[in-house]
Each structure stands twice: as structure tokens, then as C-alpha cells.
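Read through the structure below, which is laid out as C-alpha cells, and then see the notes.
What follows is calculated from the coordinates using simple rules that are stated; it is not laboratory data. As the structure is a computational prediction, the values presented were derived from the model and not from experiment. No Cβ is skipped: glycine too gets one built from the backbone with ideal geometry, and neighbour counts run over all protein chains shown.
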Amino acid sequence: MPRIQSSADLQNNYNEISSFCRENREPVFITKNGQGDLVIMSMETFEILNGKLELYRLLDEGRAAAEAGRKRPYSDVFSDIAKHYTDDQSGNRQIGNDGFSLSPCQG
């Protein structure tokens, strides 16, 4: 069930509302004069939500490209991806020259 608070509650109980958002990873809906006005969430929840939206956008872009006939075989795609990886001395995979690394899969 969504948590709904008034703007006065936000002003008077900011720390409690902030803690709720961070601990529960849920938004709080803020009303003003009895009407919905704002949605407040933690930065972590916001970043996760934005990441999902970006993923959905990219998936939709890929779907539209496939429908338009712009397709490539999986082997070509993964070959291109592999060209950007190099293994360092500790067995981690480096992507490009930015220092970003991936640990080998544990299975």
C-alpha cells in the first residue's frame, strides 16, 4: 500500500520520511491541500528506476530496429563486444581503457 503524507508532514517529519524511503526503497506520495503533488524517493531508488527506464528505451529501440529490418547475427554482435574486452593479469576483464573491470563469473 503506498505511503501518502501531507506537505506539512514532509516539512515537520523530513528525517522520518527520508529514512522510510531509504530503508524501504519505496516512494512517498506528498499531498498539498488534499491533492497529489509530489513523489519522493531515495537517490538509490531513483537511480534504479532511471536505469530501468533507460533499459526499456534501449529494448524498444532494438525492437523497432529489428522490425525495420536492421538485424545482425548474434555471432557478429558478440564478436564485436569481445573486441572491446581484454584480460588483465588477475583474470579480470577490462573494457576499453577506462579501467572498468568485470570479475570472472562464479558458478
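A Cβ-based charge dipole, computed about the Cα centre of region 1-71 with Lys and Arg at +1 and Asp and Glu at -1, lands at about 280 debye. Of the chymotrypsin sites (Phe, Trp or Tyr not before Pro) in region 10-52, not one is in a loop by DSSP (not H, G, I, E or B) with at most 15 other beta carbons within 10 Å.
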